[in-house]
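The values are calculated or read from the model by the stated rules, or taken from the named source; none is laboratory data. Keep in mind that this is a model prediction, so the values were computed, not measured. Methodologically, a virtual Cβ is constructed for each residue, glycine included, from the backbone with ideal geometry; neighbour enumeration extends over all protein chains shown.
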Amino acid sequence: MSRPTALIVLAAGKGTRMESDLPKVLHKIAGAPMLAHAMDSGLELDPARMIVVAGHGADAVEAAAVEHSPETQTVRQEEQLGTAHAVDQARALLDGFDGDVFVLYGDTPLIRAETLARMARARADHDVVVLGFEAADPGRYGRLKTDGDTLLEIVEFKDASDEERAITLCNSGVLCADRAVLFDLIAQIGNDNASGEYYLTDVPALARAKGLSAGVVRCEEAETLGVNTRAQLAEAEAAFQARARSAALELGVTMQAPETVFFARDTVIGRDAEIEPNVVFGPGVTVETGARIRAFSHLEGCHVSRGAIVGPYARLRPGAELSEDARVGNFVEIKAATLGEGAKVNHLSYIGDAEIGARSNIGAGTITCNYDGFAKHRTEVGRGAFIGSNTMLVAPVRVGDEAMTGSGSVITDPVPDGALALGRAKQVTKPGLARKMFDLFKSRAEKARKER
Ligand code: UD1
Ligand code: MG
């Protein structure tokens, strides 16, 4: 049995190098704030407690944390005096908690849940476990001084000797220890170092001085990518997408050009679904088994059932719900609307705030006129209805089961079941008049040319 865990996510730092008014941890990767990614890797451990330490932009950071996971507790670090000081802000909240504490950084969004699980297991051998990685370019990361899997100490770059700077095993920042042990050690940390900060990285050496053991768990460098600049944000996005694409392929999704498909953090795609090139998924999309999303489509906040086909060039906005075998074709936008089983909207249409019954066919160019400048209104189309091309459905309005509208109609009144509604000017035909008109226009043009 693993011990109960508490997570502390540090998110108080300013992120100066992002050159942004938005707090760093709220910048998005795959449609979700970095903070949400960091919290997610920890949430998979099923923690008893989740605490986010906020400082810069605290109101927005706290709101995002609670929105992502409502049980999250937040605490403020008014002055950013260092990572140990940040963790210490959670001391009171965790008073009496009997279990392990994981410290994660809000700006390190790609740590895998399995990696944290490995750290939890390594606690069987060590009192303090730190996550390290072999860096291709160790730069300004803290360095891990080790003896096998035993961690002797962490040296911050600024305080390191040339010999220590030559070490390539680096500190990810993720650390795990028993709650009581961790806070005891943190209480002993001072700020007598090159930055004048309280470093969390002093924990392993202090542990060893007390006769406790510290160990290292290693992970791939890609997981520990810390985001401090827009360039690193783009790198993290690319790393996330690479991971999401291979996960989808492994699950049995067909993609001819996976490198052109963009997923959101929470995209769910079923087995045997097909995603054609250049498809973008915003947040909140589920695509069921065997559905097909054709090229150049954009989907967000929607649900596509088995056997449905979307696109090419379709846009599904939040609240679009496609039942089995529904069709949404090119240059069609669907918003807050349900398409029943086998319903078709194949060309150049806008369907918003609507319910379209099973097997109904919506002709090319049909528009639901759902907005009067102040409020949105609903359109209902029954089962097996036929909406003629270029129909304007002026909401609120209902077209009944097996009803029909004539092409080019502007429908403002209810159409009962089985009825045909025509809402267009009556055609007038004048035999031979076209020829006369052509002759007239031609002679006028010639006359004008001669006068010039
Ligand atoms: C830290 C580590 C370093 C490690 C690196 C990995 C320390 C002392 N150093 O350095 O060993 O290699 O991360 O990326 O821990 N934060 C607060 N309050 C503070 C200071 C920081 O909440 O007072 C938060 C930041 O928002 C950030 C995280 O803690 O999410 C890390 O802080 P940062 O200043 O980026 O530390 P690094 O210098 O990168
Ligand atoms: Mg950092």
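Miscellaneous remarks
- Answer residue from region 142-193, given it is within 15 Å of ligand 1 (Cβ to nearest atom) and assigned to a helix (DSSP H, G or I) and is nearest to THR224 (Cα to Cα) among those: PHE157
- All told, ASP149 falls short of being touching a residue at least 24 places away in the same chain (Cβ under 8 Å), over 26 Å from the mean Cα position of the chain (by Cα), crowded, with 18+ Cβ neighbours inside 10 Å and more than 15 Å from ligand 2 (Cβ to nearest atom).
- Counted residues, region 199-252 - those being closer than 28 Å to ASP88 by Cβ and more than 16 Å from ligand 2 (Cβ to nearest atom): 18
- Of the residues in region 259-279, at least one is part of a helix (DSSP H, G or I) and out of contact with any Leu (no Cβ under 6 Å at 6 or more places or on another chain).
- Test: residue in region 63-73 that is within 16 Å of ligand 2 (Cβ to nearest atom) and modelled with pLDDT of 95 or more: no
- Considering region 102-126, the residues that are away from ligand 1 (no atom under 15 Å from the Cβ) and crowded, with 21+ Cβ neighbours inside 10 Å include one that is nearest to LEU43 (Cα to Cα), namely LEU116.
- CYS369 satisfies every condition listed in (1) at pLDDT 95 or above; (2) more than 27 Å from TYR313 (Cα to Cα) except (2).
- Every pair of residues 6+ apart whose Cβ atoms lie under 7 Å, when the first sits in region 90-115 and is in contact (Cβ under 8 Å) with a residue 12 or more places away in the chain and of a type in the set (Gly, Ala, Ser) while the second is away from ligand 1 (no atom under 16 Å from the Cβ) and in a helix (DSSP H, G or I): GLY99/ARG179
- Filter pass, VAL129 being modelled with pLDDT of 95 or more, within 14 Å of ligand 1 (Cβ to nearest atom) and buried (at least 21 other Cβ atoms within 10 Å of the Cβ): no
- Per the listing GLU402, GLU341, GLU333, GLU355, the residue uniquely within 30 Å of the chain's Cα centre (by Cα), assigned to a loop (DSSP other than H, G, I, E, B) and at pLDDT 95 or above is GLU341.
- Residue in region 163-198 that is farthest from ligand 2 (Cβ to nearest atom), counting only those that are small (Gly, Ala, Ser) and surrounded by fewer than 17 Cβ atoms within 10 Å (Cβ to Cβ): ALA180
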